[in-house]
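Presented below is the structure to which this report refers.
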Amino acid sequence: MNHGLPTVSDRLSSLLQRHPKHLTALVAALLLGGGGGAFAVASLGPDAADLPIQQISEVVQPLALQEQANALDSHSFNLFRTDTTRSSDTAKSLLQRLGIDDAEAVAFLRSDTLASKALLGKAGRVVHAEASDNHALRSLSVRWSPSNDGVFERVVVEKTAQGLRSRIETADLQNTSRLAGGTVRSSLFAATDEAGIPDAVATQLADIFASDIDFHRGLRKGDHFSVVYETAEADGQVVRTGKVLSAEFTNNGKTYQAMWFTEPGKKGNYYTLDGQSLRRSFLASPVEFSRITSGFSMRMHPILKNWRAHLGVDYAGATGTPVRTVGDGVVEFAGVQNGYGNVIIVKHQNQNETVYAHLSQINVRAGQAVSQGDHIGAVGATGWATGPHLHFEFRVNGVHQDPLTIARQNDSQPVSPTAKANFNQLSSVMRQQLSAAMSIQQASAD
């Protein structure tokens, strides 16, 4: 008898009626927990040491490595090398730079007429060589263009069953153009060298912009340039550079542009890309890109040892450096004259005359007509000179003037109306090429 107290079963029944979902979840959790426990117990297997041991044997076939090793031992390979000839080269020194150690090849290059004439004593020729893995010569070739007739010559030296043999071949040059650009860090030539631009192209750049840019004192770090120039190639190798076709130079934040254009019936000339001629009546310098050693000013005379006006400009240069006339005219005097030594005086229009002194050579005569850029003599040290240089004067009505100031005076003419359409078409192409050249320059700078 329970005296009215509820039993355990009564309580469970009442709880189930009031919270059916909660009790169902509780039962499920207990069952899952029990299952996990059962799983844990079931995963305890017998000790591995008590399991039976079964041994399996299988024959393994070795890889055929010995055959491959023997093949590698007997394999030979070729070595390829390229270098440039020097005027001081001997057969042995040239082959050593090409990585070739071959006494037979040295003797052959010394004695063979074709090979020695093409390679020895000739500076700047690119040589391609092929050698065996023991550094014996297999083949060698060198190319050059002996003239401007559009062909090049190729001398080939090859190893044959009968020993080394040489032959000469002739082929047509391929005329093309190249794009390049650079940034000035110290000097123009350092920048062009860094960009792989030949010196002949760098000199043209300096000449083209000489009236606008002082390449001796006016360059700034960060100045940059783009150039498109002609090349003549032999088997894809540049053997000669030609004319600068277009160029752009940014100096101290200001950009200058130039393009070569030839009007029908006229001489070719450089113009800005909008058609203004860059040709001045007078060149900025009578010597291609030479260093000015003494300007138009007062100075201590190197021989007389007193201060006096220097009524010209002195240009540094080795003896024999070509001297050119800065403008069209007629030779008024060519000979020896007091302290000037060997001197040439050229008469120009409008009572202008130019003087070229201390020359080692005189290549013109009095009364001869000359055109701007003609080579009329060579740098020397004749007369009152302490060393080889060119003394240059510019006189207007007999009065000395600063040549650099005269050279910057612009009286150029634009492209004629009849040629303007052709000019604009070419100018559009050149703008695209200069833009591509600038991209090359920027990529190399990055």
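The values are calculated or read from the model by the stated rules, or taken from the named source; none is laboratory data. These numbers were taken from a predicted model, which means no experiment stands behind them. With ideal geometry, Cβ positions are generated from the backbone for all residues, glycine too; neighbour counts draw on all protein chains shown. These accessible areas exclude ligands, DNA and RNA; they are computed on the full protein's heavy atoms, side chains included. Shrake-Rupley method; radii C 1.70, N 1.55, O 1.52, S 1.80 Å.
Summary table below
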{"quantity": "Selected residue (criterion: modelled with the highest pLDDT) from residues of segment 193-245 that are closer than 18 Å to SER145 by Cα and of a type in the set (Lys, Arg)", "calculated": "LYS243"}
{"quantity": "Among the residues listed as SER428, SER416, the single one being loosely packed, with under 15 Cβ neighbours inside 10 Å and without any contact (Cβ under 8 Å) to a residue 12 or more places away in the chain", "calculated": "SER428"}
{"quantity": "Long-range neighbours under 8 Å by Cβ, at least six apart or interchain, first residue more than 25 Å from ILE376 (Cα to Cα) and polar (S, T, N, Q) within segment 273-287, second open to solvent by 50 Å² or more (accessible area, probe 1.4 Å) and not in a loop (DSSP other than H, G, I, E, B)", "calculated": "GLN276/PRO414; SER277/PRO414"}
{"quantity": "Among (1) open to solvent by 20 Å² or more (accessible area, probe 1.4 Å); (2) among the aliphatic types (A, V, I, L, M); (3) in a strand (DSSP E or B) - the single one ALA107 does not satisfy", "calculated": "(3)"}
{"quantity": "Residue match in segment 354-377 (condition: among the acidic types (Asp, Glu) and not in a strand (DSSP E or B))", "calculated": "yes"}
{"quantity": "Condition met for GLU194 (touching a strand residue (DSSP E or B) at 6+ places or on another chain (Cβ under 9 Å), open to solvent by 30 Å² or more (accessible area, probe 1.4 Å) and closer than 30 Å to ALA103 by Cα)", "calculated": "no"}
{"quantity": "Residues (polar (S, T, N, Q) and either modelled with pLDDT of 90 or more or in contact with a strand residue (DSSP E or B) (Cβ under 7 Å, 6 or more places away or on another chain) (or both)) located in segment 114-147", "calculated": "SER116, SER132, SER139, SER141, SER145"}
{"quantity": "Extreme residue, nearest to ILE376 (Cα to Cα), among residues of segment 322-351 that are of a type in the set (S, T, N, Q), in contact with a strand residue (DSSP E or B) (Cβ under 6 Å, 6 or more places away or on another chain) and open to solvent by 20 Å² or more (accessible area, probe 1.4 Å)", "calculated": "ASN342"}
{"quantity": "Of all residues in segment 179-191 being in contact with a helix residue (DSSP H, G or I) (Cβ under 9 Å, 6 or more places away or on another chain) and open to solvent by 50 Å² or more (accessible area, probe 1.4 Å), the one that is nearest to THR241 (Cα to Cα)", "calculated": "LEU179"}
{"quantity": "Pairs where the first residue, in segment 211-224, is on the phi > 0 side of the Ramachandran plot and the second is open to solvent by less than 20 Å² (accessible area, probe 1.4 Å), C-beta under 9 Å, 6+ apart", "calculated": "GLY222/VAL184; GLY222/THR250"}
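Table: residues versus (1) open to solvent by 10 Å² or more (accessible area, probe 1.4 Å); (2) touching a residue at least 60 places away in the same chain (Cβ under 8 Å); (3) closer than 16 Å to LEU179 by Cβ; (4) touching a Leu at 6+ places or on another chain (Cβ under 6 Å).
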site	(1), (2), (3), (4)
GLN237	yes, yes, no, no
LYS243	yes, no, yes, no
PHE249	no, no, yes, no
GLY253	yes, no, no, no
TYR256	yes, no, no, no
THR262	yes, no, no, no
